[in-house]
């Protein structure tokens, strides 16, 4: 099987993607490479690439970009990009990004896998939506944060931020992932508490909006909310392409708090 057959599969199932304007593409290596094994990851850190190669995987599928485009003109970035490409060449790795497909992929994609990982009852999500709604009746915002913390510790996060009154009773939580946590859109789903991410909201407008509205915000790291989706991708691809080794490799982001 060639690497391009995986992208062809994503093109087939990702009917919601504008395939003329998408970031879902090969970032390094040859689309014609014969796949020896597939590794999925949230972002291709050098550690993740090492782990993929050690597992015998020469196709790495990342959710997020690889080359720090915002800092592309910086000398330090250019040196890091050269180093990363050299690492991938050394390992014979082809790198494919799958973002737009997996952000809306039903059942196993980023939003659904995140809600399932939280182990809370949730409502079905329409494919055009990035958000899930979970039933949290009978909990306070603080109790809900404690429940989420128990789940995300296994993903490498040791804290859940709470903005607002932790004693407030809540019943309907809107869940977002990554940078797709537009708070008003989540509120319009009937939410009385929102689970957002640090990259998906800010405090000078999102925080102000939530505080004035009296709406508790629970906040986790961007990677934390999307790792379950990339874990699910590995399982999905293993089922779709029998006989090909598929596994998730962790990026080992040292995200922690001191308190």
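Of everything in the range 30-51 that is outside any loop (DSSP other than H, G, I, E, B) and touching a strand residue (DSSP E or B) at 6+ places or on another chain (Cβ under 7 Å), the residue that is farthest from residue 108 (Cα to Cα) is 34. When the range 110-151 is filtered for residues that are over 17 Å from residue 193 (Cα atoms), surrounded by fewer than 21 Cβ atoms within 10 Å (Cβ to Cβ) and touching a strand residue (DSSP E or B) at 6+ places or on another chain (Cβ under 8 Å), the ones remaining, listed by number, are 116, 125.
Looking at the range 222-237, is at least one residue touching a strand residue (DSSP E or B) at 6+ places or on another chain (Cβ under 7 Å) and over 29 Å from residue 9 (Cβ atoms)? No: the range 222-237 contains no residue that is touching a strand residue (DSSP E or B) at 6+ places or on another chain (Cβ under 7 Å) and over 29 Å from residue 9 (Cβ atoms). Do we have residue 221 as crowded, with 20+ Cβ neighbours inside 10 Å and out of contact with any helix residue (DSSP H, G or I) (no Cβ under 7 Å at 6 or more places or on another chain) here? Yes, satisfied. Screening residue 166 with (1) out of contact with any strand residue (DSSP E or B) (no Cβ under 9 Å at 6 or more places or on another chain); (2) part of a loop (DSSP other than H, G, I, E, B); (3) modelled with pLDDT of 95 or more gives one miss only, at (1). When the range 204-233 is filtered for residues that are touching a residue at least 12 places away in the same chain (Cβ under 8 Å), more than 13 Å from the chain's Cα centre (by Cα) and on the phi < 0 side of the Ramachandran plot, the ones remaining, listed by number, are 206, 207, 209, 210, 211, 213, 215, 216, 217, 218, 219. Restricting attention to the range 62-80, the residues that are touching a residue at least 24 places away in the same chain (Cβ under 8 Å) and in contact with a helix residue (DSSP H, G or I) (Cβ under 7 Å, 6 or more places away or on another chain) add up to 3.
Among the residues of the range 180-209, those identified as assigned to a loop (DSSP other than H, G, I, E, B) and either at pLDDT 95 or above or surrounded by 15 or more Cβ atoms within 10 Å (Cβ to Cβ) (or both) are 181, 182, 188, 189, 190, 191, 192, 198, 199, 200, 201.
The values are calculated or read from the model by the stated rules, or taken from the named source; none is laboratory data. Being a predicted model, the structure only gives us computed values, none of them experimental. Backbone-built Cβ (ideal geometry, glycine too); neighbour counts: all protein chains shown.
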